[in-house]
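J.: Input: one structure, supplied below.
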Amino acid sequence: MTTALITGTTAGIGAAFAGRLAADGHNLVLVARDEKRLREQAADLHDRHGVEADVLVADLSEDDGIAAVETRLRDRTHPVDLLVNNAGFGNRDRYLEVPITDELRMLKLHCEAVLRLTSAGAETMRSRGRGGVINVASIAAFFPRGTYGASKAWVVQFTQGAAKDLAGAGVRLMALCPGFVRTEFHARAGIKQDSVPSWMWLDADRLVTAALKDFARGKSLSIPDPRYKAMSSLAKLAPRSALSSLSSKVGRPPAKA
Ligand SMILES: NC(=O)c1ccc[n+]([C@@H]2O[C@H](COP(=O)([O-])OP(=O)(O)OC[C@H]3O[C@@H](n4cnc5c(N)ncnc54)[C@H](OP(=O)(O)O)[C@@H]3O)[C@@H](O)[C@H]2O)c1
């Protein structure tokens, strides 16, 4: 039996990954901050699918939390076959309206934690000659939108570069770029879901199914929806100024005078 370690499993896309991978017979290591939710989720997945589900409580915007997960990923006696770096959060407000401490926390979670956990996991996987990493980025990686878009652009560039460097070592890496998905993400960020047109919303379970198909096909970048694939292609051609005017408006209140 293989083991998958997923960060940010207590809600949304991470919970969908956990449910799908448990149904497919993978043992799980579930990582997030909310211990009560993690333990309930682990018991539920064990009862429904008969898999082992371990809980690792960690705040990945803190050094101690990142170090605890690195240690688990380096444990060669209980190797992790698939790592999903999914934990993340958004900010509704514009640059300079977001406290700098929140911007730094986002960079720590979206970039430093992803770098350190990918490295710890991939090193162990390379020594075994097999394994995989899925790093959850966003369609925002292709649009200028503050620290969130910039951090997700880093995830895409880093993951695709690392995938190339490790080609032939038996370790596959893929960046996943979802569009808007109905999860707790927007409520946590204070973004009203009705500020986003209904046609733009994706379902987390379907997204995960499509992402795992792309991963099995060996893709290093997954944009698992034709609407968002088209948008990312247009984003490459459109002038940056037009893109930033568009992306700075979606889901945000009007700019302060
Ligand atoms: N929803 C979307 O529209 C969308 C679109 C594109 C990309 N994404 C990306 O998809 C990923 C998952 O987002 P989601 O929509 O599923 O959000 P969500 O429903 O808010 O879930 C976020 C998960 O991350 C965990 N988390 C947050 N901060 C953490 C921290 N400091 N340390 C450890 N765990 C932490 C949360 O658990 P605890 O609170 O228990 O720690 C929760 O399990 C994120 O990287 C996000 O940027 C989302």
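Matching residues to (1) farther than 24 Å from residue 110 by Cα; (2) in contact (Cβ under 8 Å) with a residue 24 or more places away in the chain; (3) in a loop (DSSP other than H, G, I, E, B):
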site	(1), (2), (3)
6	no, yes, no
9	no, yes, yes
17	no, yes, no
21	no, yes, no
31	no, yes, no
43	yes, no, no
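J.: Scan the range 129-148 and tell me whether some residue there is farther than 25 Å from residue 216 by Cβ, more than 9 Å from the ligand (Cβ to nearest atom) and polar (S, T, N, Q).
T.: Taking every residue of the range 129-148 in turn, at least one turns out to be farther than 25 Å from residue 216 by Cβ, more than 9 Å from the ligand (Cβ to nearest atom) and polar (S, T, N, Q).
J.: Going by the structure shown, is residue 22 more than 8 Å from the ligand (Cβ to nearest atom) and within 27 Å of residue 201 (Cα to Cα)? Don't jump to the end; show me each part of the working.
T.: On the way: more than 8 Å from the ligand (Cβ to nearest atom): yes; within 27 Å of residue 201 (Cα to Cα): yes.
Spelling it out, residue 22 is indeed more than 8 Å from the ligand (Cβ to nearest atom) and within 27 Å of residue 201 (Cα to Cα).
J.: Which one of these is more than 23 Å from residue 147 (Cα to Cα) and either more than 16 Å from the ligand (Cβ to nearest atom) or in contact with a helix residue (DSSP H, G or I) (Cβ under 8 Å, 6 or more places away or on another chain) (or both): 98, 84, 69?
T.: 69 is the lone residue from the list that is more than 23 Å from residue 147 (Cα to Cα) and either more than 16 Å from the ligand (Cβ to nearest atom) or in contact with a helix residue (DSSP H, G or I) (Cβ under 8 Å, 6 or more places away or on another chain) (or both).
J.: Which one is farthest from residue 143 (Cα to Cα), of the residues in the range 170-223 that are polar (S, T, N, Q) and away from the ligand (no atom under 11 Å from the Cβ)?
T.: Only one residue fits best here, namely 209.
J.: Sticking with this one: If only one of 152, 108 is touching a His at 6+ places or on another chain (Cβ under 9 Å) and either among the acidic types (Asp, Glu) or within 16 Å of the ligand (Cβ to nearest atom) (or both), which one is it?
T.: 152
J.: What is the one condition in (1) within 30 Å of residue 248 (Cβ to Cβ); (2) surrounded by 17 or more Cβ atoms within 10 Å (Cβ to Cβ); (3) within 11 Å of the ligand (Cβ to nearest atom); (4) modelled with pLDDT of 95 or more that residue 91 does not satisfy?
T.: The number of the failed condition is (4).
J.: When only residues in the range 59-84 that are crowded, with 22+ Cβ neighbours inside 10 Å and part of a loop (DSSP other than H, G, I, E, B) count, which is nearest to the chain's Cα centre (by Cα)?
T.: 60
The values are calculated or read from the model by the stated rules, or taken from the named source; none is laboratory data. The structure displayed is predicted, hence computed values, not measured ones. As a convention, Cβ positions derive from the backbone with ideal geometry for all residues, glycine included, and neighbour counts pool all protein chains shown.
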